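The values are calculated or read from the model by the stated rules, or taken from the named source; none is laboratory data. Keep in mind that this is a model prediction, so the values were computed, not measured. Cβ coordinates were reconstructed from backbone atoms using ideal geometry, including for glycine residues, and neighbour counts include every protein chain displayed.
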């Protein structure tokens, strides 16, 4: 049988939680501003570049490029992100490759975003009517010109909602970086909780900060989608 605690929410307990919240909020907020958000932004930018290249490789006429891109996407999507981070940070040193925590986290998250976002971009490109390609060729555009000037701009607008969701998910995924010693917000929460043993209030406060960040990003996403709607046929 499980033992049931008789602890009640006394005024002293609540007062202690308030004090801990006040003392913990700024260190965790600093962890979010100086590590979590930069880690998210940098990883997303690199991941988006990788995703675009992967999507184009998947649509290439070269069977070799398609095979490489398909293999990359399959490996990343078929293995847990935490395992990938551990391989990069803890595994590579065994073969003489040592990477600092923050760059290791960027590499891991960028590879993850690249794989998942590539399928979004690929689907967005395929959603553009073939007539757009034919019209571009009719006026003398090359494949590269048609892709850059006609197809990718339209695909970019179509992919805004799912890519925004990927970005928001990445914000939450950065908490895994605490396991490879990156001092982001959740790592700060772990350090604070290990000192005062008030895990409930500290982790709840961390969850609240994550929620606030994601809520703000959701508002930005909605406005961006509404702005883009008028450009999508």
(request) For segment 55-72, enumerate the residues that are assigned to a helix (DSSP H, G or I), over 22 Å from the mean Cα position of the chain (by Cα) and surrounded by fewer than 16 Cβ atoms within 10 Å (Cβ to Cβ). (result) 63, 64, 66, 67, 68
(request) Read through the list (1) surrounded by 18 or more Cβ atoms within 10 Å (Cβ to Cβ); (2) within 22 Å of the chain's Cα centre (by Cα); (3) part of a helix (DSSP H, G or I); (4) in contact (Cβ under 8 Å) with a residue 60 or more places away in the chain, then give the number of the only condition that residue 202 fails. (result) (2)
(request) Could you tell me whether any residue of segment 83-99 is closer than 30 Å to residue 224 by Cβ, without any contact (Cβ under 8 Å) to a residue 60 or more places away in the chain, in contact with a helix residue (DSSP H, G or I) (Cβ under 7 Å, 6 or more places away or on another chain) and assigned to a helix (DSSP H, G or I)? (result) yes
(request) Could you please find all residues in segment 209-232 being within 18 Å of residue 26 (Cα to Cα) and surrounded by fewer than 13 Cβ atoms within 10 Å (Cβ to Cβ)? (result) 211, 212
(request) Return only the number of the condition from (1) over 14 Å from the mean Cα position of the chain (by Cα); (2) modelled with pLDDT of 75 or more that residue 41 does not satisfy. (result) (1)
(request) Among the candidates 102, 109, single out the residue that is in contact (Cβ under 8 Å) with a residue 40 or more places away in the chain, crowded, with 21+ Cβ neighbours inside 10 Å and closer than 30 Å to residue 34 by Cβ. (result) 109
